[in-house]
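Student: Take this structure, written in structure tokens, and hold onto it; I'll ask about it next.
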Amino acid sequence: MHTVLAGQHHLLALSGRALSLTGAGILIALSAAYVVLFVGALVSIVRARMDGGMKLVWLVFAFVAPFLGSLLWFLIGRRRLTPSQNT
């Protein structure tokens, strides 16, 4: 009985390590996606054809609240530009 429990403990330790590696991989992937979203929003804001005041507001918002600002830029900010203003 003791050997069976020891085998299960070893199996649990291996699955714990695999789960921890998977968790680290997911964390790295989410972090990379976050950086890509933020940098993409900054580039898009800078390249957008809008007056300097609005561009500055979006840039400040993106830096103050990076995730929310970037997400809102892509969901709201770019859509408010007229088709001739979109780049």
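All of the numbers you see were taken from the coordinates with simple rules; none came from a lab. Worth saying up front: this structure is predicted, and the values here are computed from it rather than measured. Cβ atoms come from the backbone with ideal geometry, glycine included; neighbour counts cover every protein chain shown.
Student: Determine ³J(HN,Hα), in whole Hz, for all residues of the range 42-47 in sequence, where each value follows from phi through the Karplus function 6.51 cos²θ - 1.76 cosθ + 1.60 and θ = phi - 60°; x replaces Gly and Pro.
Tutor: 4, 5, 5, 5, 4, 7
Student: List, in order, the whole-Hz ³J(HN,Hα) value for each residue of the range 25-40 obtained from phi through the Karplus relation with A = 6.51, B = -1.76, C = 1.60 and θ = phi - 60°; use x for Gly and Pro.
Tutor: x, 5, 4, 5, 5, 5, 5, 5, 5, 4, 5, 4, 4, 5, 5, x
Student: Highest mean first, how do 64-72, 27-35, 50-58 rank when packing is the count of other Cβ atoms within 10 Å averaged over residues?
Tutor: Output ranking for 64-72, 27-35, 50-58: 64-72, 50-58, 27-35.
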